[in-house]
Amino acid sequence: MSKINLNKISHSYNPNDPNPTYALNPFSMTWEDGKRYAILGPSGCGKTTMLNIVSGLVRPSSGKILFDDKDVTDLKTESRNIAQVFQFPVIYNTMTVYDNLAFPLRCRDFSKDIVEERVNSVAETLNLKSFLNLPARKLTADQKQLISLGRGLVREDVAAVLMDEPLTVIDPDLKFKLRRNLKEINEQYKTTLVYVTHDQNEAMTFADNIIVMSEGEVVQTGTPKELFERPNTTFVGYFIGSPAMNLFKTEALSNDSVMINDTLIKTTTDLTKLKDKNIKLGIRSEYIKLAENQKDNVLAATVDKVEDLGNYKLLTAKVGNLTIKSKINREIEVPSDSVKLHIPADRCCVYEDEKLI
Ligand SMILES: Nc1ncnc2c1ncn2[C@@H]1O[C@H](COP(=O)(O)OP(=O)(O)OP(=O)(O)O)[C@@H](O)[C@H]1O
């Protein structure tokens, strides 16, 4: 396992064009040894390009990649000591499941005992034990993808396991279990896992650290908690969380307060240095509750609908022309016409020109 350092990396697929476009704008970051990372963002934002730069499938237009301080920028994939798992199975159909899993170890001359021990351990974790003696071609598409995953995870000595949307072909019920298994493997073997996905739920439940991307930019890197509580752009607030963060256009009225539909909402943000008029207040629906005896920061709203979503109720209400969503404890009775909603000052995020201040 290695620490991976991406130093001033950028990439264009048409660098010689008079007006080159950049799939990745310059960024630097370090992936610590033994952690779980997710690269998250919508289609076309540059996730695969970033992963392929680390694996060596793409050479960056600028910058350096260091594995444990060793410059690998010009090394081919085979020389980088990484394992890769792609969206669709890459396996040998004519070999048995056992031989498929053993292949990466045998190529590196591991002893028979180690091969047996690792293949059995990975097969156990991925529920493949009863198929070990079958030819791989006899397995279903999602079982074949498990073999691909197993081939990626079987070696303990790799710098990192790089996975590009590895669970796409897997049944939704099994996906949840596999993400948990991947976490166990990471905790047990301290393998650095890097997981590309466009699904925020996958990223939030899998990773210690998430790299959020948009249009070739790394827009925020942080723990799931940091991204949830303090999204540093309105894009992250909107992209992460379900429902998306409530975002309201507003204006500053004092050093720390903004106006939402004629109601003054106090925040804990210092608004004295605002330069732009484009200001938004962001608040997660998880933090908005029916007001009890609070007098300040209370919005009067008209109930639009209340949906029972199993472990909570989702209230959609109107504050003037604005739509506000609040997650309410399912035991609480929600009035059907009008409600008062409390907005906690310390949960408010204020954005100037779409950036957190
Ligand atoms: N080989 C290539 N040649 C030219 N342009 C490319 C190539 N590969 C990717 N691109 C472009 O680079 C940008 C980033 O693509 P990339 O595949 O890295 O994004 P992504 O976030 O992984 O998308 P997806 O989730 O759809 O796979 C896109 O505009 C894409 O069209």
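Summary of computed values
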quantity: Accessible area, probe 1.4 Å, largest first, for residues PHE131, PHE86, PHE206; calculated: PHE86, PHE131, PHE206
quantity: For peptides 330-340, 316-326, sequence by mean Cβ density within 10 Å, most packed first; calculated: 316-326, 330-340
quantity: Length-normalised contact order for the range 134-193 - Cα pairs under 8 Å, 6+ apart - percent; calculated: 39
quantity: P(r) histogram, all alpha-carbon pairs of the chain included - 10 Å bins from 0, percent; calculated: 5, 21, 25, 21, 16, 9, 3, 0
quantity: Heavy-atom SASA rank of HIS198, HIS11 (probe 1.4 Å, accessible area, largest first); calculated: HIS198, HIS11
quantity: Carbon plus sulfur fraction of accessible area for the range 108-186, probe 1.4 Å, in percent; calculated: 48
quantity: For the chain, with +1 on Lys and Arg beta carbons and -1 on Asp and Glu, the positive-most of GLY222, GLY241, LEU146 along the dipole; calculated: LEU146
quantity: Helix-derived mean residue ellipticity, 222 nm - over the chain, DSSP H n ≥ 4, -39500 (n - 2.57), to 500; calculated: -7000 deg cm²/dmol
quantity: Degrees separating the helix 97-106 axis from the principal Cα axis of the chain, which is the longest one; calculated: 80
quantity: Cα-Cα P(r), the range 201-305, percent of pairs per 5 Å interval; calculated: 2, 10, 18, 20, 19, 14, 10, 6, 1, 0
quantity: Cα-centre dipole for the range 244-356 with unit charges at Cβ (Lys and Arg positive, Asp and Glu negative), debye to 20; calculated: 140
quantity: Relative contact order [Cα under 8 Å, 6+ residues apart], the chain, whole percent; calculated: 16
quantity: Translational D in µm²/s for the range 244-356 (Stokes-Einstein at 20 °C, 1.002 mPa s, Kirkwood Rh from C-alpha pairs); calculated: 149
quantity: Heavy atoms of THR191: accessible area, 1.4 Å probe, square angstrom to 10; calculated: 0
quantity: Cα long-axis angle, helix 172-189 against the chain (0 to 90 degrees, to the nearest 10); calculated: 70
quantity: Cα-based Rg of the range 1-85 normalised by 2.2 N^0.38 Å, two decimals; calculated: 1.08
quantity: Protection proxy ranking of 270-280, 245-255, 155-165, 228-238 - average other beta-carbon atoms within 10 Å, highest first; calculated: 155-165, 228-238, 245-255, 270-280
quantity: Around THR268: net Lys/Arg minus Asp/Glu count, Cβ-Cβ under 11 Å; calculated: -1
quantity: Cα-based helix-to-principal-axis angle, 112-125 vs the chain, degrees rounded to 10; calculated: 30
quantity: The range 54-121, Cα convex hull volume normalised per residue, Å³; calculated: 128
quantity: Along each principal axis, Cα extent of the range 63-218, largest first, Å; calculated: 46, 36, 27
quantity: Restraint check, LYS225/LYS318; LYS183/LYS313; LYS249/LYS318; LYS275/LYS340, Cα-Cα greater than 23 Å; calculated: LYS225/LYS318; LYS183/LYS313; LYS275/LYS340
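The values are calculated or read from the model by the stated rules, or taken from the named source; none is laboratory data. Because the structure is predicted, anything quoted here is derived from the model rather than measured. Positions of Cβ are backbone-derived with ideal geometry, glycine not excepted, and every protein chain shown enters the neighbour counts. Accessible surface areas use protein heavy atoms only, side chains included; no ligands, DNA or RNA. Shrake-Rupley method; radii C 1.70, N 1.55, O 1.52, S 1.80 Å.
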